[in-house]
Amino acid sequence: MRLAAAPISWGVCEVPGWGYQLSVARVLEEAARLGLRDIEAGPPGFLPSDARAARDLMQERRMRVIGGFVTATLHRRDDLDRELGGVERQAAWLRDVGADVLVLAAASGRDGYDAPVELEEGEWRTLLAALPRAQKIARAHGLELAFHPHFGTVIETRRSIERVIAQSDVPLCLDTGHVFLGGGDPVAIARDHAARVRHVHLKDADASLAAAVRERRMGYADAVARGLFRPLGDGGVRMGDVLAELVRARYDGWAVLEQDIALRARPSDDDAPERQIARSRDFARAHIASYDVLTMGRVSVDLYPEQIGVPLAKVTTFAKSLGGSATNVAVAASRLGRRAAVITKVGADGFGDYVREALVGFGVDARHVGTDVRYRTPLVFCEIHPPDRFPLLFYREPTAPDMTITIDELPRDAIRDAQVFWTTGTGLSAEPSRSATLLALETARGMRFHDLDHRPALWAAGEDPSRWAMEAARRANVIVGNTDEMEMATGQRDPARAASALLALGAEVVVVKRGLEGASAFTIEGGVTVPGIKVDVVCGLGAGDAFGGALAHGMLAKWHLPHALAFANAAGAIVASRLACADAMPTPREVEALLANGRATSAGVA
């Protein structure tokens, strides 16, 4: 389940006289600060009507539009072609901005939301026949349709929702607040019809105000202005039960934090919508039982030279970025829409504060980032000599906080429940992190990835990294590494022979990153190789972590291994074409675009 934002939570609405309208810049800035870099499009005029301008605006902020809402009068036969034409125009715009979902509500054909509409049988037939047409339009533009029962439309009551479910196969947008307003039970829909749910709007509602609206004793807009929709957990909707049912059903779509509000005036900092949205975000995160991707291990603050092709002695300015293999993989997964978190430690210093803030900004749960007051947050300096020389200088002496993670500090429930648990080889280089990493792999019940992540400079003299790599391999079911790391672990540089040695220990999949030659994956049934993708290399650092996050994403989606491997390879190639690691991680649309236009045999991943 992937959390996203909606502009209406900031009071942005197209209804005349709705209230004070915040600027797009403020809404996007606050959403990003909350770690909600995925957002619905909002009403017409909120984002630029020119799709390219809207896409560029979002990309500049490292954000994306996931979908948009459109209404259409679907029960009037004479108006249907015109109404579906409006749906098609919105679908085309959403396609061009890179969205996934078209959310459609069946308008009443009247102004406002306060007059109930009961359809006659002929109107029902027209509406039910229109839904497949709308779904076909969405699919033609590469979108998923999600039909939205909405208060004040022709599908608002429990009975009307049940009829749509029974007499159509259209996917649903489960809006918990609107189902509640209409007298339905959102928990029952999440429990009994999870397979139909393609999109979710998470709303809580004040029970007394909801009853007044439902009984038409108060207008909808008036109730919203009085605080009808509340932060999650503060109203009458059983939000914890809704989320529990969605988790139980392994719902894998978007869950949009959408608490409609109306602002009387420009809010002060103390009364900003951001504070209420943060409460809803925290509630949702606390009730989503498992992470899609949970990583454990190395973190750093990376300092990238702004002068390319010169040694450190000649560098005059640096750019700061979040780094470290475990954190980068989590960020990569989050950018692809996965619920991600990282287990690591930082120092009690400003750089440690930066790590936490940066993780939250990238949408990664930072609750498992601990602090060791004895040591400083690690720094990494690099030189950039494209296309293939990027020497690193690690500052982790006498040790790094992430190497002090102990067995007792492991969040075992989170590790056990994560769908993907990812560890790194650096975590094996010393105690107590070594024992904690191995126990964590034994604890995990989902897919257990081990990234060989061999950094010789981080191993003490006399330590045997091969021994501990093989110990991790006995506990993991997916092993990832480049050819040098495979040789370190198995003594075999040939990818197939190295994979054979690791498969013999119990691994189910072995993935070898081969740089210019692309990447290979092996199972007991054989191997597959995908070629490299031609890009202009700027900085190869972080490309392997982008590969890892994308590989986890593809395997979670149950893609065939060749497709997951190609997707991961493309993600790595994109990061190789950019400066920095975490900041460079791509979105799904960026990866898909490169796959569609990529050329073989050039920069792969390292």
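The values are calculated or read from the model by the stated rules, or taken from the named source; none is laboratory data. Here the structure is a predicted model, which means the values were calculated and not measured. Note that each Cβ is placed from the backbone with ideal geometry, even for glycine, and that neighbours are counted across all protein chains shown.
Note on region 364-422: among residues that are surrounded by fewer than 21 Cβ atoms within 10 Å (Cβ to Cβ) and in contact with a Cys (Cβ under 6 Å, 6 or more places away or on another chain), the one that is farthest from ALA440 (Cα to Cα) is PHE390.
Selection of region 1-54 for residues being of a type in the set (Gly, Ala, Ser), under 21 Å from the mean Cα position of the chain (by Cα) and at negative phi yields ALA4, ALA5, ALA6, SER9, ALA31, ALA32, ALA41, ALA54. If I ask for residues that are closer than 14 Å to GLN135 by Cα and not in a helix (DSSP H, G or I), which ones from region 72-89 would you list? Hits for region 72-89 are ALA72, LEU74. Here is a check on your reading of the model: is PRO465 surrounded by fewer than 24 Cβ atoms within 10 Å (Cβ to Cβ) and either within 23 Å of ALA543 (Cβ to Cβ) or touching a Lys or Arg at 6+ places or on another chain (Cβ under 7 Å) (or both)? Yes: the conditions hold for PRO465. For region 364-420, the set of residues classified as in contact with a Gly (Cβ under 6 Å, 6 or more places away or on another chain), under 21 Å from ASP451 (Cα atoms) and of a type in the set (Phe, Trp, Tyr) consists of PHE390 only. Out of GLU487, GLU463, which single residue is of a type in the set (Asp, Glu) and either outside the structural domain of TYR375 (by TED's automatic domain parsing) or at pLDDT 95 or above (or both)? Checking each option against the conditions leaves just GLU487. Counting only helices (runs of 4 or more DSSP H) wholly contained in region 103-207, the ones carrying 3 or more residues that are of a type outside the set (A, V, I, L, M) and surrounded by fewer than 16 Cβ atoms within 10 Å (Cβ to Cβ) occupy 121-140, 158-167. Within region 258-292, restricting attention to residues that are touching a residue at least 60 places away in the same chain (Cβ under 8 Å) and closer than 27 Å to GLY446 by Cα, the residue that is surrounded by the most Cβ atoms within 10 Å (Cβ to Cβ) is TYR291. Could we say that ALA211 is over 16 Å from ALA105 (Cα atoms) and touching a residue at least 40 places away in the same chain (Cβ under 8 Å) here? So ALA211 fails the test.
Name the one entry in ALA504, ALA498, ALA489 that is over 18 Å from SER325 (Cβ atoms), crowded, with 19+ Cβ neighbours inside 10 Å and either without any contact (Cβ under 8 Å) to a residue 40 or more places away in the chain or basic (Lys, Arg) (or both). If you could, list the steps in order and put the result at the bottom.
Values: ALA504 fails: crowded, with 19+ Cβ neighbours inside 10 Å; ALA489 fails: over 18 Å from SER325 (Cβ atoms).
When all the criteria are applied, what remains is ALA498.
Out of the residues in region 357-404 meeting the condition of being free of Cβ contacts under 8 Å to residues at least 24 places away in the same chain and part of a strand (DSSP E or B), tell me which one is farthest from CYS539 (Cα to Cα). The extreme case among them is TYR395. Each residue in region 575-595 was checked for being out of contact with any strand residue (DSSP E or B) (no Cβ under 8 Å at 6 or more places or on another chain) and crowded, with 24+ Cβ neighbours inside 10 Å, and 6 of them qualify.
One residue stands out in region 316-356 among those that are in a loop (DSSP other than H, G, I, E, B) and in contact (Cβ under 8 Å) with a residue 40 or more places away in the chain: the one that is nearest to ALA414 (Cα to Cα), namely ARG339.
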